[in-house]
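Participant: Quick one: this structure, given as structure tokens, is what I'll be asking you about.
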Amino acid sequence: MATTAIDAKLPNPDACAAVGAPVRTLLRLEGLAAAAFAAALFARTGASWWLFAALWLAPDLSMLGYLASPGIGARIYNAIHSYTTPATLAVCALLLKSPAVMPFALIWVNHIGVDRLLGYGLKYPAGFGWTHLGKLGKRVEVTPAS
């Protein structure tokens, strides 16, 4: 059977299955911890919860990159949905003594944490459904033949 260029870009379904239930559960709990920690810190900033609600979905605008192509979409989505970017913003807020910026970083971290908790991981260029947490959608458990 010949392999096409598209097939070569798709993650191996067996490799996605290797992100088994224990690892997937641990990664989702990590998302819960990050979301809870960010929400607790946000509460201490004194910023408005209306701001939190208004900006919470803003990182999902990065999905518009998929209009260009799955590869570009994945790169933009991953840049925005990586903890590195809001952590950098938080460090800058601390170093520049700009507490007004910190709530934005915490909302961002909370969003990423909730996404991870729900199973929306970093994307592969093969398409939106291929994530580091496994393939999105209903999982079919494969039992080994005896």
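Computed from the coordinates by the stated procedures, all read-outs in this text should not be read as laboratory data. Keep in mind it's a predicted model, so treat the numbers as computed, not measured. With ideal geometry, Cβ positions are generated from the backbone for all residues, glycine too; neighbour counts draw on all protein chains shown.
Participant: Can you grab the distance from the C-alpha centre of the range 46-77 to the C-alpha centre of the range 98-132, Å, no decimals?
Facilitator: Cα centroid to Cα centroid, the span is 8 Å.
Participant: Can I ask one more? With r as the distance between the Cβ atoms of Cys92 and Trp50 and R0 = 22 Å, compute the FRET efficiency 1/(1 + (r/R0)^6) and round to 0.05.
Facilitator: E(calc), rounded to 0.05, equals 0.35.
Participant: Net charge around Leu32, counting only other residues with Cβ within less than 14 Å of its Cβ (Lys, Arg = +1; Asp, Glu = -1)?
Facilitator: So the surrounding residues net to +1.
Participant: I've got another one for you. Placing unit charges on C-beta atoms (Lys and Arg positive, Asp and Glu negative, everything else neutral), compute the dipole magnitude of the range 18-146 about its Cα centre in debye, rounded to 20.
Facilitator: 120
Participant: For Asp60, what charge total do you get from the other residues with a beta carbon under 13 Å from its beta carbon, if Lys and Arg give +1 and Asp and Glu give -1?
Facilitator: Result for the neighbourhood of Asp60: 0.
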